[in-house]
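Note sheet for the following structure.
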Amino acid sequence: MKAILVSKHGGPEALEWCDYSVGNPGPGEVRIRQEAVGLNFLDVYFRTGLYPAPNGLPLVPGNEGAGVVTEVGEGVTLFKEGDRIAYAGPIGAYAQERVIAADKIVKVPDGIELDVAASMMLKGMTAEYLLRRTYDVKPGDTILYHAAAGGVGLIIGQWAKALGATVIGTVGSQEKADLAAANGYDHVINYRTEDFVERVREITGGKGADVVYDSVGKDTFPGSLDCLKPRGLWASFGQSSGPIEPFNIGILAQKGSLFVTRPTLFTYIASRPELEASSSALFDVVSRGVVKIEINQRYPLAEAARAHTDLEGRKTTGTTVLLP
């Protein structure tokens, strides 16, 4: 069996295609044959060392995948050999096979292909908790989402529109603007040619948005705060452009008694009931066609370095899968 290993932090070249051994599943675990692995910016953070590896180096990156159960360990009753499953976390997805705790996986409903499941678990459940639990989006709300043509962004656009919100997104090219507009966004701002703060104020008649979802970080701060209405919420859940420097919390008072949170998916799906509720909500909107998942890029898992180069170069759109 082979897997991608990171022996030292660095650029895409740190991703090495190596022989790798997977043991038998222990109590409460299953072994799975992976059919597809999702690509996420989170993988870059672990590769570079921005996020510390849970068990140090060497590291098998990747937090999202789907496959088939090939063996179950002692005490596992929810799953059996042959079950189609998917997961978001724990780390270790960039492998042809893996052993994983049974309580971290869910069954994939009939009608959803495994490559689609692999491409949407982390991104789709991120969209679920952002839209329904970090801020409960309601009809009439106005939201701003940065990086609207990304994997989470395309899901957010469709789902938020179905919830009755006015959906504003930012992108970096006309091609990405067209893609976002086709996926639920009412207004798309090209931040390379327009001032997104001014445009949000124009679109909202000076009122601002109820919530800003920001996975970009350095490049969109503090502008994101200026897009909010008084007592609005800034949800900062990533930093694809770099981490945000420490700031004086007093700025939140100056800009309208704002709320701020730094959520992560894994806090929102920490318990089995939360995981099942979040994944079920995602499977429901996908199965009903409310949210359509398009896989826009496919790479062999062995070429993960090329995939990371394209991801960091902002050459990808929507979802991407790596195929073992």
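The values are calculated or read from the model by the stated rules, or taken from the named source; none is laboratory data. These figures come from a predicted structure and were not determined experimentally. In this analysis, Cβ positions are derived from the backbone assuming ideal geometry, glycine residues included, and neighbour counts consider all displayed protein chains.
Observations on the structure shown:
- Subset of segment 204-234 that is out of contact with any Asp or Glu (no Cβ under 7 Å at 6 or more places or on another chain) and among the small types (Gly, Ala, Ser) - its residue that is modelled with the lowest pLDDT: Gly217
- If you filter segment 264-284 down to residues that are within 24 Å of Leu233 (Cβ to Cβ) and without any contact (Cβ under 8 Å) to a residue 12 or more places away in the chain, you find that the one that is surrounded by the most Cβ atoms within 10 Å (Cβ to Cβ) is Ala277.
- Reported count of residues in segment 279-319, each being at pLDDT 95 or above and out of contact with any strand residue (DSSP E or B) (no Cβ under 9 Å at 6 or more places or on another chain), is 12.
- Meets criteria (modelled with pLDDT under 95 and loosely packed, with under 14 Cβ neighbours inside 10 Å) for Gly111: yes
- None of Ile189, Ile85, Ile156 is among the aliphatic types (A, V, I, L, M) and within 25 Å of Ala3 (Cα to Cα) except Ile85.
- Condition broken by Val116, with the remaining ones in (1) out of contact with any strand residue (DSSP E or B) (no Cβ under 9 Å at 6 or more places or on another chain); (2) part of a helix (DSSP H, G or I) satisfied: (1)
- Segment 187-207 residues that are closer than 14 Å to Gly153 by Cβ, paired with ones that are exposed (fewer than 13 other Cβ atoms within 10 Å of the Cβ) and among the aliphatic types (A, V, I, L, M) (beta carbon under 8 Å, 6 or more apart): none
- Among all residues of segment 30-37, there is none that is assigned by TED's automatic domain parsing to the domain that holds Thr317, in contact with a Phe, Trp or Tyr (Cβ under 9 Å, 6 or more places away or on another chain) and surrounded by fewer than 22 Cβ atoms within 10 Å (Cβ to Cβ).
- Segment 208-230 residues that are within 17 Å of Val167 (Cα to Cα), paired with ones that are of a type in the set (Lys, Arg) and in a strand (DSSP E or B) (beta carbon under 6 Å, 6 or more apart): Gly208/Lys229
- Considering segment 242-263, and only residues there that are over 17 Å from Val212 (Cβ atoms) and modelled with pLDDT under 95, the residue that is surrounded by the fewest Cβ atoms within 10 Å (Cβ to Cβ) turns out to be Pro246.
- All conditions in (1) assigned by TED's automatic domain parsing to the domain that holds Ala102; (2) touching a residue at least 24 places away in the same chain (Cβ under 8 Å); (3) surrounded by 14 or more Cβ atoms within 10 Å (Cβ to Cβ) hold for Ser287, with the sole exception of (3).
- For segment 30-74, the tally of residues that are over 18 Å from Leu122 (Cα atoms) and among the polar types (S, T, N, Q) stands at 3.
Condition check ((1) without any contact (Cβ under 8 Å) to a residue 12 or more places away in the chain; (2) among the β-branched types (Val, Ile, Thr); (3) assigned to a helix (DSSP H, G or I)) across all residues:
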residue: Phe46; (1), (2), (3): no, no, yes
residue: Leu50; (1), (2), (3): no, no, no
residue: Asn55; (1), (2), (3): yes, no, no
residue: Ala66; (1), (2), (3): no, no, no
residue: Glu71; (1), (2), (3): no, no, no
residue: Leu78; (1), (2), (3): no, no, no
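- The number of residues in segment 11-36 being over 22 Å from the mean Cα position of the chain (by Cα) and part of a loop (DSSP other than H, G, I, E, B) comes to 9.
- Helices (runs of 4 or more DSSP H) enclosed by segment 152-241 - at least 1 residues per element that are surrounded by fewer than 20 Cβ atoms within 10 Å (Cβ to Cβ) and either among the β-branched types (Val, Ile, Thr) or in contact with a strand residue (DSSP E or B) (Cβ under 8 Å, 6 or more places away or on another chain) (or both): 174-181, 196-203
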